[in-house]
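These notes concern the structure reproduced below.
The values are calculated or read from the model by the stated rules, or taken from the named source; none is laboratory data. Model, not experiment: these values are computed from the prediction. For neighbour counting, all protein chains shown are included, and Cβ atoms are generated from backbone atoms with ideal geometry for every residue, glycine included. Ligands, DNA and RNA are stripped out before the accessible areas are found, and what is left, the full protein with its side chains, is counted by its heavy atoms. Shrake-Rupley method; radii C 1.70, N 1.55, O 1.52, S 1.80 Å.
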Amino acid sequence: MTFDEEWARLKSDAQHNAPPGMQLAGYNTENRQSPDGAYTPDLTVHQDDLGAVGHDAFVLHRKLQKSADIDGAGLDGSGRSTTDRAARELDEHNFATGKALSTALKTWDSQRKTLQQGCARISNHLDYTTTTHTKEDEDIAATLKGRDGKPVSTSAIHKWIK
């Protein structure tokens, strides 16, 4: 279904007071109900999963820092890398390749740093998310007690809500 077709259908549904439905990337909202009609969450995240993704982002950040930093490779006393020195030397001898190499080096370094920052944000955000939700679960367990006086787990609460 094209955007125009879906937009026309949504406008028609709105005129007939029908609740608008939407389908994103082939995902159908009916898939979110189990055969007995109960709602089933479409996104479940476990702390182990978050930790694994955060760790992979951290590892990639370190690899990019150590292995992909061609602007920092072979630094001389003036702080120039071997690639930068080669670009300058080629440019000084009027080779067009010198400027092209310098541009490629700057572009590569900029994109590497952007990717590194993204990895750091992912790793830090997932660490924060895991820590925050663990604390929230502990707070809920500490304040909500079952009939036996023991704390009620959030998974038990989730079952009650269903």
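Which residue is modelled with the lowest pLDDT, if the candidates are limited to region 83-111 and must be open to solvent by less than 70 Å² (accessible area, probe 1.4 Å) and β-branched (Val, Ile, Thr)?
Filtering region 83-111 for residues that are open to solvent by less than 70 Å² (accessible area, probe 1.4 Å) and β-branched (Val, Ile, Thr), the one modelled with the lowest pLDDT comes out as THR83.
For region 112-159, what are the residues that are within 16 Å of the chain's Cα centre (by Cα) and either of a type in the set (A, V, I, L, M, F, W, C) or open to solvent by 100 Å² or more (accessible area, probe 1.4 Å) (or both)?
LEU115, GLN117, CYS119, ALA120, ARG121, ILE122, ASN124, HIS125, LEU126, TYR128
Could you pull out the residue among GLY21, GLY51, GLY37 that is among the small types (Gly, Ala, Ser) and modelled with pLDDT of 60 or more?
On inspection, the qualifying residue turns out to be GLY51.
State yes or no: is ASP69 within 28 Å of the chain's Cα centre (by Cα), assigned to a loop (DSSP other than H, G, I, E, B) and not polar (S, T, N, Q)?
yes
May I ask you to list pairs of residues, at least six apart or on different chains, whose Cβ atoms are under 7 Å apart, with the first in region 97-117 being within 9 Å of ALA87 (Cβ to Cβ) and the second being of a type in the set (Gly, Ala, Ser) and surrounded by 13 or more Cβ atoms within 10 Å (Cβ to Cβ)?
Within 7 Å, the pairs are GLY98/ALA87; LEU101/ALA86; LEU101/ALA87; SER102/ALA87; LEU105/ALA87.
With the condition kept exactly as written, say whether any residue in region 130-149 is within 21 Å of ARG62 (Cα to Cα) and either in contact with a Leu (Cβ under 8 Å, 6 or more places away or on another chain) or at pLDDT 80 or above (or both).
Scanning region 130-149 turns up no residue that is within 21 Å of ARG62 (Cα to Cα) and either in contact with a Leu (Cβ under 8 Å, 6 or more places away or on another chain) or at pLDDT 80 or above (or both).
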